[in-house]
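The values are calculated or read from the model by the stated rules, or taken from the named source; none is laboratory data. Keep in mind it's a predicted model, so treat the numbers as computed, not measured. Quick reminder, even Gly has a Cβ in these numbers, built from the backbone with ideal geometry, and neighbours come from all protein chains shown.
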Amino acid sequence: MPPPESTSAVEEALDPLPRPADLLLRKIWHLRLGVLGAFLIAGLVFIAVFVPYVSPHDPYEQNITARLLPPSWMEGGRPEYLLGTDHVGRDLFSRLLYGSRISLTVGLAAVLVQVVIGIALGLWAGYYGGAADSAVSFMVNVMMGFPFILLAMSLVVVLGPSLQNIILALGLTGWPVFTRVTRMETLRLREQEFVLAARSLALGVPRILLGHILPNLLPSLLVLVTFEVARAIIRESLLSFLGLGIQPPTPSWGTMLAEGRDYMLFEWRLAALPGLAIFLSAMGINLLGDAVRDLTDPHMRKS
Amino acid sequence: MTGAAPRPGLAPRGENLLAVEGLKMHFPIRKGLFGKTGGYVYAVDGVSFEIQAGETLGLVGESGCGKTTVGRCLLRLYEPTAGRILFDGVDITRLPERRLLRFRSQAQMIFQDPYSSLNPRLRVRDIIGEALRVHRLCDGDWRERVRELMLEVGLPPDLMARYPHEFSGGQRQRIGIARALAMSPRLIVADEPVSALDVSIQAQVINLLEKLKRRYSPSCLVIAHDLAVVEHISDRIAVMYLGKLVEVASDTALIGRPAHPYTQALLRAVPQARPGAKKRRRSLLTGDVPSPIRPPPGCRFHPRCPAAVPRCRTEEPLLAEVEPGHWAACFRPGGA
């Protein structure tokens with residue numbers, strides 16, 4: 001008969017394993033950040049859609065008698081200008097709200113361009129291999145080696161700065177990420193027996209690529225999409241800040257940041273608040289993307 | 001000499017559905033920075049055989065001998081390096097892609113791995129019925145046909161809206177069989193149809209294949225590494241070693257009077273459960289299969305062959321008839 005110490009020794013040995021309660025807490029902690037991100041994004045989308053009803057002022061309306069007013073709760077502030085006004089007397093709060101439309105439009109549309117180009121090239125290169133693969137891989141490497149900002153700037157300079165052209169410039173420079181992921185996964189999947197089976201059923205190549213291979217890529221692509229939307233928003237702000245993006249007076253956060261820079265020393269909110277808006281949107285999307293990745297990763301799902 | 005391929009014999013009855021002549025599949029090995037071809041894997045190196053309408057040919061050999069490659073070439077999932085594959089008299093290796101449709105609907109494959117052979121993102125009814133729908137192969141509702149096919153292979157049709165991961169290995173293999181049957185094929189290539197399954201499930205799936213054969217009488221090529229599986233369902237058996245056929249014969253002749261030393265060794269490896277059966281030599285093969293990148297000269301089996309003579313090292317034996325309908329590629333058939 002074993003001495004009673006041994007059972008407690010066994011219990012002790014088992015103890016380091018995380019208890020179910022801890023695992024649950026860990027999961028909730030993961031989810032909490034994702035929920036925070038989801039709330040931020042939901043707020044962003046809500047504002048972007050309903051901004052004409054939410055915004056207290058016309059974002060273009062200038063009031064020369066009310067330039068550079070401080071926020072309403074500070075001395076000299078006026079109640080109708082919640083966050084004060086900018087250098088030509090426009091309501092900062094309304095402009096921030098309208099900026100969400102630009103950011104969201106550019107972010108989603110640029111990623112759409114990236115997705116279409118990137119996935120098409122990735123599927124093609126991965127499925128056919130050989131010369132197609134070499135050509136696409138070479139293009140991806142060249143694009144990856146080129147400084148993004150130089151390429152995007154030259155494109156905007158050639159095309160002219162407008163909303164469509166910024167979307168195009170971001171889309172045309174950002175697709176290689178999608179090509180890389182799609183190509184690698186396609187390369188792996190095309191040797192799977194279910195793809196051979198689809199071929200022996202005489203299904204056409206488009207049907208095999210879109211109906212059999214692409215659905216298996218969706219989880220990883222979905223995660224990539226969220227991160228890329230955040231990146232496109234930041235890049236739009238960057239281009240606008242450099243004066244090559246959305247042109248004033250259109251309220252883009254990047255443009256507002258650039259305008260606010262001149263007054264930074266005495267009215268720092270003019271630059272800081274658009275920056276904060278960019279930061280919150282990008283972070284919200286990234287947190288959401290993290291949560292999506294954790295939820296679709298089978299290893300995470302188990303723990 | 002590999003040019004003039006010998007043609008293993010046929011029983012006089014019946015028509016050939018499939019004739020394979022001098023099939024070769026060499027996979028290039030790419031090396032270095034610029035993808036120079038640094039040699040070939042001689043996976044299949046001059047294989048010829050015929051399958052009659054309604055006949056089942058078993059193809060056995062160790063893993064890596066090229067038997068799966070043969071099967072995939074037959075469906076033109078690979079483009080063969082050389083040789084002809086005549087299906088109903090038409091050389092399918094030369095068919096342009098757009099004319100493959102008619103052929104593809106007549107030849108189907110059952111895959112080895114019931115997991116990777118079913119797309120995890122498709123519902124069972126789409127896995128089985130997609131080809132029916134796309135090619136408009138049935139007059140009525142394609143779902144009705146899927147229901148019939150599921151019943152045919154012993155699956156409850158109510159499960160047609162489920163995804164593959166909800167099924168067991170044996171059930172998944174049945175789904176794969178139903179998918180092949182949907183095209184009403186005249187040739188079925190079954191690539192190790194049961195080797196990934198539990199032994200108890202293996203028997204069920206083999207019985208299902210036999211039932212379907214009786215019902216539809218397609219020609220079959222059954223690929224296996226296990227003679228016991230093949231012996232059960234084949235009319236004739238072909239033995240493959242390192243990219244070449246070494247013996248082709250009817251199942252009774254091959255099991256009863258194996259002529260090639262490799263076949264004899266394979267048979268010795270099958271556990272015997274027959275009391276009173278003639279005691280067989282206990283010695284099993286030693287050594288590994290040589291690399292198909294650098295196959296040995298002469299007879300490919302000579303480094304492991306217990307009966308090898310000096311001639312085997314330099315000259316390659318061709319398939320020759322040792323008795324009517326029984327072909328072996330050996331200089332000393334039966335003489336181990």
Which number in (1) touching a residue at least 12 places away in the same chain (Cβ under 8 Å); (2) within 9 Å of another protein chain (Cβ to nearest Cβ) marks the one condition that B:Trp142 misses? (2)
Before we move on, is A:Ala132 surrounded by fewer than 22 Cβ atoms within 10 Å (Cβ to Cβ), in a helix (DSSP H, G or I) and touching a Gly at 6+ places or on another chain (Cβ under 8 Å)? no
Restricting to segment B:61-83, name every residue that is within 14 Å of chain A (Cβ to nearest Cβ) and either on the phi > 0 side of the Ramachandran plot or acidic (Asp, Glu) (or both). B:Arg76, B:Glu79
Just need a number here: residues in segment B:184-242 that are among the aromatic types (Phe, Trp, Tyr) and either surrounded by fewer than 17 Cβ atoms within 10 Å (Cβ to Cβ) or under 12 Å from the mean Cα position of the chain (by Cα) (or both). 1
Extreme residue, farthest from B:Ala224 (Cα to Cα), among residues of segment B:84-107 that are in contact with a strand residue (DSSP E or B) (Cβ under 8 Å, 6 or more places away or on another chain) and either facing another protein chain (nearest Cβ under 7 Å) or assigned to a strand (DSSP E or B) (or both): B:Asp91
Filtered residue count, segment A:69-98, keeping only those that are modelled with pLDDT of 80 or more, part of a loop (DSSP other than H, G, I, E, B) and crowded, with 16+ Cβ neighbours inside 10 Å: 11
Could you check, for segment A:222-243, whether at least one of its residues is touching a Phe, Trp or Tyr at 6+ places or on another chain (Cβ under 7 Å), of a type in the set (Gly, Ala, Ser), surrounded by fewer than 22 Cβ atoms within 10 Å (Cβ to Cβ) and farther than 26 Å from B:Leu77 by Cβ? no
Quickly run through segment B:145-154 and pick out the residues that are buried (at least 20 other Cβ atoms within 10 Å of the Cβ) and not in a helix (DSSP H, G or I). B:Val153
When the residues of segment A:250-303 are filtered to those that are within 16 Å of A:Leu33 (Cβ to Cβ) and charged (D, E, K, R), which remaining residue is modelled with the highest pLDDT? A:Asp290
Tell me the residue from A:Ile117, A:Ile102 that is surrounded by 14 or more Cβ atoms within 10 Å (Cβ to Cβ) and farther than 30 Å from A:Gly211 by Cβ, please. A:Ile102
Any idea which of B:Ile128, B:Ile110 is under 20 Å from the mean Cα position of the chain (by Cα), within 11 Å of chain A (Cβ to nearest Cβ) and modelled with pLDDT of 90 or more? B:Ile110
Scanning segment A:157-210 for residues that are outside any helix (DSSP H, G or I) and within 14 Å of chain B (Cβ to nearest Cβ), the one surrounded by the fewest Cβ atoms within 10 Å (Cβ to Cβ) turns out to be A:Glu191
Which one is surrounded by the most Cβ atoms within 10 Å (Cβ to Cβ), of the residues in segment A:244-290 that are part of a helix (DSSP H, G or I) and among the aromatic types (Phe, Trp, Tyr)? A:Trp253
Subset of segment B:290-317 [among the aliphatic types (A, V, I, L, M) and either free of Cβ contacts under 8 Å to residues at least 40 places away in the same chain or buried (at least 16 other Cβ atoms within 10 Å of the Cβ) (or both)]: B:Ala307, B:Ala308, B:Val309
